[in-house]
1. Where the only charges are on Cβ atoms (+1 Lys, Arg; -1 Asp, Glu), what is the dipole of the chain about its Cα centre, to the nearest 20 debye?
2. Got a sec? Charge dipole of segment 82-138, +1 on Cβ for Lys and Arg, -1 for Asp and Glu; which of Ala114, Leu133, Asn95 is way out at the positive end?
3. Place a +1 charge on the Cβ of each Lys and Arg in segment 322-371 and a -1 charge on the Cβ of each Asp and Glu, then give the dipole magnitude about the Cα centre in debye, rounded to the nearest 20.
4. Amide H of Ile81: which non-local residues (sequence gap of 5 or more, or other chain) have their own amide H closer than 5 Å, using H built in the peptide plane?
5. Just want the answer: with Cβ charges of +1 for Lys and Arg and -1 for Asp and Glu, which residue in Ile320, Asn259, Val381 is farthest toward the dipole's positive end in the chain?
6. Distance from the Cα centre of segment 183-206 to that of segment 508-529, in angstrom?
7. What do you reckon, how do Lys352, Lys176, Lys645 stack up by accessible area (1.4 Å probe), largest on top?
8. Residue-wise, which Karplus ³J(HN,Hα) couplings in Hz belong to segment 508-513, taking 6.51 cos²θ - 1.76 cosθ + 1.60, θ = phi - 60°, and x for glycine or proline?
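The values are calculated or read from the model by the stated rules, or taken from the named source; none is laboratory data. All values reported here derive from a predicted model rather than from experimental measurement. Every residue, glycine among them, receives a Cβ derived from its backbone with ideal geometry; neighbour counts consider all protein chains shown. Note: accessible area is taken over every heavy atom of the protein model, side chains too, but ligands, DNA and RNA are not part of it. Shrake-Rupley method; radii C 1.70, N 1.55, O 1.52, S 1.80 Å.
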Amino acid sequence: MLEKFFSEFFMGYCNDTQQRPDRELALNLKQLLEKKCTSDKFVLRSQRIGLNTASALARYFSQTVTKDNPLCILDLHENVIRDKGAITIIEELKNLNTLELLDLGSNDLGKDSAVAIANMLKQPGCKLQTLILGSSESEIKTNKIETEGGTAIAEALERNLYLTSLDLNRNYLLGKKSQQAFFALADSFDENKTISCLRLGDTGMGNKAAINIIESLSGSDNLRFLDFQGNGLSADIASALGNLVSSCINLSVLLLQRNNIKQRGAQLLCNGLMNNDSLVVLNLASNKIGDEGAEAVAEYLNEKHTLTYLNLSDNDITDIGALKLVDSLLSSENTLHTLILSDNKIGNNGAKGISKCIEYPCSPLQIIDLSSCGIGDPGGVALFVALTCNSTLATLKLYNNYLSESSGSAAIDLLDKNRTINSIDLKGNQLDHSTFLKIEKILIRNKTEKMLVEPNKLKRELIRLKYAGHLLNEATIKLNRQSERRKEAETRLERINEEISSTKEETKSLVKDFAKQIDDEEDRIRYFQSKIEEKLKEKQIQDKAFKQKFDSLREIQESENLNKEQAEKELEEAKNLLGETIRKKDIELSEAQQTIEEYRKDISKIEKLREKYTKEINETKARIAELEGKVEDSQKIEEVYKVVKEQDEEVFATFTGESLLDLLPKEKKVPKIKMKPQSPSRNSPNRGVIIPPQTNRRAKSSERRTRQFSAASSSRSGESAITSVNILTMGDDE
């Protein structure tokens with residue numbers, strides 16, 4: 001899409017840079033755009049583009065950028081687009097709300113651009129996360145945002161919860177007229193705690209404004225980067241700053257160079273840092289902290305071992321402060337990689353102390369800057385001797401010291417034994433040119449060896465990665481096989497689950513049938529009990545009738561006694577008849593009582609059978625639950641039920657002479673079967689009980705059929721033998 005607009009973009013670029021539009025320039029620009037720009041990113045830094053190019057870019061963005069094809073990063077750092085160019089681009093992009101990073105630093109922007117950016121931040125759907133409007137010390141052009149522009153951006157931040165990084169470095173006019181912009185930022189940070197990187201260096205911020213901002217940021221878990229450099233802040237901010245670093249547990253970078261916090265400020269700051277476990281970079285250069293401040297920093301380094309970069313240059317530190325720092329660095333837990341002590345008066349004693357850090361076996365130091373520290377030959381030789389025992393230091397800066405040719409010759413001899421250092425800055429010392437060349441030759445040798453070591457490492461790493469790739473391919477193949485097996489197992493498991501679910505449903509239906517059958521049996525038992533009670537009531541009625549009849553006979557006897565003489569023969573006959581009747585009734589009464597006792601025994605036996613049936617049905621349910629999936633044929637249960645039912649009827653018929661079906665409430669009489677008494681053996685448990693003929697044979701035949709059914713059902717089971725349902729049969733003792 002950029003090719004369609006390239007001609008317009010190229011002509012605007014030529015007008016801005018005052019270059020002649022030739023083929024070579026067009027090819028260079030096209031290659032630059034293809035290398036740095038993609039569909040979601042446009043980066044064009046330090047190309048001197050101005051209003052014409054910015055207008056062409058605005059038209060390009062208006063045609064290409066949509067919500068489906070968003071522009072996330074726009075980096076036009078260190079150009080000269082100024083207010084008109086910036087406003088033209090922002091007006092095209094602010095309604096789309098796709099930008100996540102906007103870098104317009106070092107573009108000579110003013111108040112109007114800041115207001116336009118603030119309006120964009122106020123948009124409800126604005127997703128801008130990083131806003132860079134500052135510049136570094138090495139850049140010539142700076143922005144000129146004044147108090148009004150800074151206040152507008154600060155007010156916009158109150159409603160914007162997406163912005164996490166704000167860079168306003170080197171906007172010198174921001175606090176020149178008034179400090180209103182900084183107070184507005186403090187108010188916005190009271191409401192908005194999402195900011196993680198704040199850069200307000202060289203903005204003319206005063207102590208009160210800085211204290212307000214620091215107090216607003218205190219307690220934020222998101223703050224990681226804070227830059228207040230070059231604002232001339234005094235020790236008045238130190239107390240608030242100490243509270244900030246102790247409460248912001250994730251703060252990792254703190255830049256305070258070129259301020260004026262002095263000894264007291266350094267002590268308060270280090271006291272606060274004792275509660276911080278995340279600080280990595282600390283820059284206190286040009287703060288006049290002196291030896292007391294250096295001692296406070298040393299105490300902090302003794303307690304906390306997270307710092308990797310420490311800059312204490314230009315702080316009036318002498319050899320006393322330097323030795324305090326050395327004592328804190330001689331620890332196996334030390335993590336400091338970069339130590340900058342330039343422009344301090346540490347002298348030879350300080351250099352000798354630092355040489356102990358260099359020759360310390362566990363020292364992680366890689367960069368040491370001791371420029372302009374008043375170091376003479378004794379200190380220099382001590383440093384060079386220490387380098388013979390060091391294998392980690394890569395850069396040593398000794399610029400502008402008092403080293404003579406004797407130190408240079410010692411350096412040549414001693415550096416020849418070191419193979420790791422590749423940069424030593426000895427400019428500004430009293431060394432011959434030949435000494436510089438020899439030292440440079442040694443450094444070139446170390447660099448070359450390092451360059452050769454790196455490819456070998458890369459080759460070994462490449463071989464290792466290839467082998468790891470081979471192992472990874474094999475593991476991938478195995479993993480694919482395992483995944484296929486897993487899929488097969490999952491399909492099998494699904495089938496088994498389906499079978500289990502179907503079997504569960506069948507089992508539930510069978511359990512319901514069993515429960516229904518149990519209810520039917522209980523109804524039958526209750527029916528039999530009611531029948532027995534009716535028979536007992538009938539017997540009582542017969543007894544009452546017999547008593548009434550006996551009373552009537554007695555009355556007749558009394559009446560006949562009056563005519564005794566006339567009817568002696570009739571009386572004797574009547575007495576004989578009465579005696580015979582009494583004997584018959586006594587026999588019938590004893591038989592009836594015997595029958596009642598037999599009925600009671602039958603009832604007790606039926607109740608025992610009912611308990612036995614209930615127990616076995618429960619056991620059958622448990623077995624069905626354990627062996628779910630094994631029940632295949634529901635007809636087996638029905639056959640078992642029929643066999644049990646037939647045997648129940650046979651058992652009932654043997655004791656009562658009646659069929660269970662006939663006793664159901666049909667109001668039909670069934671002729672009774674005459675029972676022949678059978679003489680049991682002495683040891684038989686049925687002695688004294690009337691047993692109908694062929695009962696034992698029926699019980700044995702039913703028992704035989706039960707065994708045959710159990711064998712048949714066990715032979716039909718597929719995977720494992722299913723325990724056959726125990727069928728209750730009556731033995732000889734029943």
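1. For the chain, the charge dipole is close to 1820 debye.
2. Asn95
3. It comes to approximately 160 debye.
4. Excluding prolines and chain starts, which carry no amide H, there are no hits.
5. Val381
6. Using only Cα atoms, the two centres lie 85 Å from each other.
7. On the way: Lys352 90, Lys176 155, Lys645 65 Å².
My answer, sorted largest first, is Lys176, Lys352, Lys645.
8. Values per residue, Gly and Pro as x: 4, 5, 5, 4, 4, 4 Hz.
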